[in-house]
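Take a look at the structure below.
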Amino acid sequence: MTEHVPEFAPYTDDPLYAPFWAAAEAGRVALPACPDCGVFQWYPLPGRPCGHQGPLEWRDLPGTGTIFTFTRVERAFLPSGGEPPYTVVFVELDGAPGPRLVSVLVGDGSAAPAIGDRVRLSPTRTATHTLPTFALAGSPDTSAARTT
Amino acid sequence: MTAAASVAIVGIGETEFVRRSDHSVGELAVAAVRAAIADAGLTPGQVDGIVSVYGDPAPDDITSSIGMLRRFTGTAGYVPGAAALSAAVTAKLAIDAGLADYVVIYMAYGASRPGGPYTFHAKDPIKASYEMPFGFYGQPVYFAAWQQRYCHDYNVKPDELAGVSMAARKWAQLTPGAQETRPLTFEDYLASPMISTPLRKADCCLLTDGAAAYVMTSADRARDLPNAPVLLTGYGLASMDTTMHNIFTQKQDFLELGSRLSGPRAYASAGITPADVDVAMVYDCFSTSLVLQMEDLGLCPRGEGFAFANEGHTSPGGSLPVNTHGGHLAYAYLPGVVHIAEAVKQLRGVRAAAQVSGAEVALVSALGGNDHASLVLTKDR
C-alpha cells in the first residue's frame with residue numbers, strides 16, 4: 001500500500017512554534033509546560049491561563065500515547081502537499097496530561113485504527129522537515145526507511 | 001407564555017443560491033438588502049441602521065448603492081457562523097436605545113470562489129504550524145474528528161448518520177429555490193463519496209454564492225407594516241473558554257459547544273421550554289454540528305440525535321420539524337441568515353407544502369466556532 005503523509009512545511013518563525021519543530025527535527029516530541037506549576041499548555045498562547053508569568057518550558061516526552069480520535073482524510077483540502085488518503089490522529093501523550101497532539105498515523109494498520117489504540121512516535125522525513133508521525137504500538141518500526 | 005418583545009423582524013430578502021454566480025458579492029448583498037427592505041414595505045430612505053455580518057462587502061458600499069443614509073452602523077462581532085443571529089441582538093440594542101428606527105442586517109458570501117470557506121483558517125499561524133503540516137485542515141476534516149469521537153462515545157455506527165441528510169433533502173424538495181433537491185435514499189447516502197471518515201459528502205453543507213438580509217424595527221412600528229410581525233421574544237449569546245486556534249482539538253469536554261449555554265439563556269429570556277418549540281432552524285454546516293446542537297438545546301436526548309432523525313421526527317410530518325427549507329445541507333449555505341428567513345416564513349404561514357401547521361414559536365440557533373447564538377422568534381398574537 002502506498003502510504004501518503006502530507007508534505008506541508010510548518011510555519012516556525014515564532015518562539016511559540018520553533019522549539020516543537022526543533023525537537024521534531026531531532027526525532028523527539030516536546031510540548032510546553034509552565035515551569036512553576038507543571039501544567040502543559042497546548043496550543044501555546046502568549047499568556048498562561050494558570051496565572052504564572054514568564055516563558056514556557058519545553059519538555060521532552062517519551063513519545064508514546066493513546067489515540068483520542070482520528071479521521072481518514074479521503075479528499076484533498078491543503079493548498080499543497082495533501083494528497084489523500086492519510087489518517088489524522090489526535091494523540092494523548094504519556095507524561096503530558098491534557099494536550100492532544102494532532103498528528104498522522106503511519107505504518108501497518110494506519111488506515112483503520114480505533115480510539116484507545118496505543119501508539120508510539122515514528123517520525124517521517126519530508127523534503128523540508130521531519131514530521132513527528134506515530135505508528136500503532138507493536139507494528140514494525142519503518143521510520144528509518146520512511147520518507148515522502 | 002412568552003415575554004414581551006420590544007422588536008420584530010418585518011422584512012426578509014434572499015438572492016438566488018448557486019455555485020459560481022455571475023454576480024459579485026457586493027451585487028448580491030445589494031440585491032438581498034433591497035429585497036428585504038421592499039418586503040418590509042419600506043423604502044431605502046426610511047431605513048436608518050445597518051448591521052453587517054462579515055464587514056464584507058462594506059456597509060457604506062451598500063447604503064451608498066441604494067440611497068440609504070445611516071444613522072447607526074454596527075457589526076455583529078461574533079464568529080461568522082453565529083453572527084447573522086447575534087446581529088439581531090445588536091439591532092435590538094440599537095432600536096431599543098433609539099439609535100435607529102429600522103435596521104437592515106445582511107450577509108453575502110461567495111463560497112464557491114477559489115479557496116472556498118477554508119482559507120481564513122490558513123491565515124492562523126497556529127494552524128499553519130501545528131495542524132496543516134499534519135493534514136488537519138478544512139472544516140470537513142475538523143468535524144469528522146468530532147464525529148468519530150461522538151460515534152465512539154454514544155455507540156453510533158457510521159451508516160446511522162444518514163437520517164439527518166435524508167431529512168434535509170426531503171425538506172429541500174418542498175422548497176422553491178433550494179440548491180440541492182435531488183432525492184437522497186439510504187442507498188444514495190451510502191453511495192455518497194467519503195470525504196473524511198465517517199463524514200460523507202451528503203453530511204457536508206453546500207457551497208453557495210448568494211446573499212440574504214432581514215429588516216428589524218420596534219414591535220410597535222412593526223404592527224403598522226404590511227407583513228405580520230415576527231417578534232424576537234428571546235435570545236441567548238454565548239462564547240466558550242476556547243480560542244479559534246484550539247476549539248477543534250483541545251476542548252476539555254471535546255464535544256461541548258456554546259449551545260449548552262446559549263440555548264438555556266434564550267429559553268429563559270423568552271419564558272419557554274424546549275417543549276414549546278414548534279419548529280427549529282439549527283445551524284447545520286455538517287450533520288455532526290446539527291445533532292450536537294439539537295442535543296444541547298434539549299430538542300432530543302443526548303446521544304440520540306441521529307436516532308431521532310432516523311425515526312423521522314425532524315422530517316416533513318415529524319414531531320419536531322427541523323430546518324424546513326433543507327438547511328445548509330440542501331437549501332443554501334448562507335450561515336444562519338437563511339435559517340432566520342425560513343423561521344420568519346414559517347411564522348408568517350407562507351411555506352405552502354413545507355408549512356408546519358400551527359407554527360407559533362421558532363427556535364433559530366447557530367454555531368460560529370467558539371461563539372453561539374440562539375433566538376426565539378414568535379408569531380405576533
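The one condition from (1) touching an Asp or Glu at 6+ places or on another chain (Cβ under 6 Å); (2) within 14 Å of chain B (Cβ to nearest Cβ); (3) surrounded by fewer than 21 Cβ atoms within 10 Å (Cβ to Cβ) that A:ILE115 does not meet is (1).
Residues in the range B:292-326 that are in contact (Cβ under 8 Å) with a residue 12 or more places away in the chain, assigned to a helix (DSSP H, G or I) and more than 21 Å from B:ILE340 (Cβ to Cβ): B:GLY305, B:PHE306, B:ALA307, B:PHE308, B:ALA309, B:ASN310.
Looking across B:THR233, B:THR175, B:THR242, B:THR249, one residue alone is within 30 Å of A:PHE77 (Cβ to Cβ), modelled with pLDDT of 95 or more, out of contact with any Asp or Glu (no Cβ under 8 Å at 6 or more places or on another chain) and polar (S, T, N, Q). It is B:THR175.
Give me the residue from the range B:124-134 that is at the interface with chain A (Cβ under 7 Å from one of its Cβ atoms) and not small (Gly, Ala, Ser) and, out of that set, surrounded by the most Cβ atoms within 10 Å (Cβ to Cβ). Talk me through it step by step, then tell me what you get.
At the first step, the residues of the range B:124-134 found to be at the interface with chain A (Cβ under 7 Å from one of its Cβ atoms) are B:125-126, B:128-134.
Then drop every residue that is not not small (Gly, Ala, Ser), which leaves B:125-126, B:130-134.
Working: B:PRO125: 16, B:ILE126: 19, B:TYR130: 26, B:GLU131: 25, B:MET132: 27, B:PRO133: 30, B:PHE134: 23.
Of everything passing the filter in the range B:124-134, B:PRO133 is surrounded by the most Cβ atoms within 10 Å (Cβ to Cβ).
When you check A:SER103 against the structure, is it at the interface with another protein chain (Cβ under 7 Å from one of its Cβ atoms), among the small types (Gly, Ala, Ser), within 16 Å of the chain's Cα centre (by Cα) and buried (at least 22 other Cβ atoms within 10 Å of the Cβ), yes or no?
Details: at the interface with another protein chain (Cβ under 7 Å from one of its Cβ atoms): yes; among the small types (Gly, Ala, Ser): yes; within 16 Å of the chain's Cα centre (by Cα): yes; buried (at least 22 other Cβ atoms within 10 Å of the Cβ): yes.
Taking the combined requirement at face value, the residue satisfies it.
Would you say B:PRO183 is within 14 Å of another protein chain (Cβ to nearest Cβ), part of a loop (DSSP other than H, G, I, E, B) and surrounded by fewer than 24 Cβ atoms within 10 Å (Cβ to Cβ)? Spell out how you get there, then give the answer.
Working: within 14 Å of another protein chain (Cβ to nearest Cβ): no; part of a loop (DSSP other than H, G, I, E, B): yes; surrounded by fewer than 24 Cβ atoms within 10 Å (Cβ to Cβ): yes.
The answer is no for B:PRO183.
Going through the range A:69-89 one residue at a time, which ones are facing chain B (nearest Cβ under 7 Å) and either acidic (Asp, Glu) or crowded, with 19+ Cβ neighbours inside 10 Å (or both)? Hits for the range A:69-89 are A:THR69, A:PHE70, A:THR71, A:ARG72, A:VAL73, A:GLU74, A:PHE77, A:LEU78, A:GLY82, A:TYR86, A:VAL88.
From the list B:ILE105, B:ILE62, B:ILE66, B:ILE95, the lone residue that is crowded, with 19+ Cβ neighbours inside 10 Å and more than 26 Å from B:HIS328 (Cα to Cα) is B:ILE95.
Filter the range B:352-381 for residues that are in a loop (DSSP other than H, G, I, E, B) and touching a residue at least 40 places away in the same chain (Cβ under 8 Å); which is surrounded by the fewest Cβ atoms within 10 Å (Cβ to Cβ)? Please lay out each step first, then the result.
Narrowing the range B:352-381 to residues in a loop (DSSP other than H, G, I, E, B): B:355-360, B:369-370, B:380-381.
Remaining after also requiring touching a residue at least 40 places away in the same chain (Cβ under 8 Å): B:356, B:358-360, B:369-370, B:380.
Values: B:VAL356: 19, B:GLY358: 9, B:ALA359: 20, B:GLU360: 18, B:GLY369: 21, B:ASN370: 22, B:ASP380: 15.
Going through the qualifying residues, I end up with B:GLY358.
Of all the criteria given as (1) within 21 Å of B:SER357 (Cβ to Cβ); (2) surrounded by fewer than 24 Cβ atoms within 10 Å (Cβ to Cβ), the one not satisfied by B:TYR267 is (1).
Would the range B:244-261 turn up any residue that is in a strand (DSSP E or B), under 26 Å from B:LEU299 (Cα atoms) and touching a helix residue (DSSP H, G or I) at 6+ places or on another chain (Cβ under 8 Å)? So that I can check it myself, show each step before the final result.
Of all residues in the range B:244-261, those in a strand (DSSP E or B) come to none.
Within the range B:244-261 (the criterion being in a strand (DSSP E or B), under 26 Å from B:LEU299 (Cα atoms) and touching a helix residue (DSSP H, G or I) at 6+ places or on another chain (Cβ under 8 Å)), the answer is no, since none of the residues qualifies.
Of all residue pairs spaced 6 or more apart or on separate chains, those with beta-carbon atoms under 7 Å, a first member in the range B:166-192 that is at positive phi and a second member that is of a type in the set (D, E, K, R) and outside any helix (DSSP H, G or I) are B:GLY177/B:GLU16.
Quick one: which residue in B:VAL141, B:VAL53 is touching a strand residue (DSSP E or B) at 6+ places or on another chain (Cβ under 8 Å) and farther than 30 Å from A:PRO84 by Cβ? Write out each step before concluding.
Working: B:VAL141 fails: farther than 30 Å from A:PRO84 by Cβ.
Only one candidate passes the filter, namely B:VAL53.
Quickly run through the range A:33-56 and pick out the residues that are outside any loop (DSSP other than H, G, I, E, B) and either within 14 Å of chain B (Cβ to nearest Cβ) or not hydrophobic (A, V, I, L, M, F, W, C) (or both). The answer is A:PHE40, and nothing else.
Right, B:GLU160: in contact (Cβ under 8 Å) with a residue 12 or more places away in the chain, part of a helix (DSSP H, G or I) and surrounded by fewer than 20 Cβ atoms within 10 Å (Cβ to Cβ) or not? Yes, satisfied.
Table: residues versus (1) within 14 Å of chain A (Cβ to nearest Cβ); (2) in contact (Cβ under 8 Å) with a residue 60 or more places away in the chain; (3) in a helix (DSSP H, G or I).
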site	(1), (2), (3)
B:GLY77	no, no, no
B:VAL103	no, yes, no
B:TYR109	no, yes, no
B:PRO114	yes, no, no
B:PHE136	yes, yes, no
B:GLN148	yes, no, yes
B:HIS152	yes, no, yes
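Quick check on my filter: what residues within the range A:101-138 are outside any strand (DSSP E or B) and either among the hydrophobic types (A, V, I, L, M, F, W, C) or in contact with a helix residue (DSSP H, G or I) (Cβ under 6 Å, 6 or more places away or on another chain) (or both)? Residues satisfying the conditions are A:ALA111, A:ALA112, A:ALA114, A:ILE115, A:SER122, A:PRO123, A:ALA127, A:PRO132, A:ALA137.
The residue list B:ALA191, B:ALA219, B:ALA213, B:ALA238 contains one member that is over 16 Å from B:ALA167 (Cβ atoms), away from every other protein chain (no Cβ under 14 Å) and touching a His at 6+ places or on another chain (Cβ under 6 Å), which is B:ALA238. Any residue at all in the range B:201-209 that's at pLDDT 95 or above, part of a helix (DSSP H, G or I), surrounded by fewer than 16 Cβ atoms within 10 Å (Cβ to Cβ) and more than 14 Å from chain A (Cβ to nearest Cβ)? Among the residues of the range B:201-209, not one is at pLDDT 95 or above, part of a helix (DSSP H, G or I), surrounded by fewer than 16 Cβ atoms within 10 Å (Cβ to Cβ) and more than 14 Å from chain A (Cβ to nearest Cβ), which makes the answer no.
Here A:ALA30 meets the list (1) more than 19 Å from the chain's Cα centre (by Cα); (2) more than 12 Å from chain B (Cβ to nearest Cβ) almost entirely, failing just condition (1).
The values are calculated or read from the model by the stated rules, or taken from the named source; none is laboratory data. If you're wondering where the values come from, they're calculated on a predicted model, not measured in any experiment. Because the Cβ atoms are built from the backbone with ideal geometry, glycine has one as well, and the counts that use them run over all protein chains shown.
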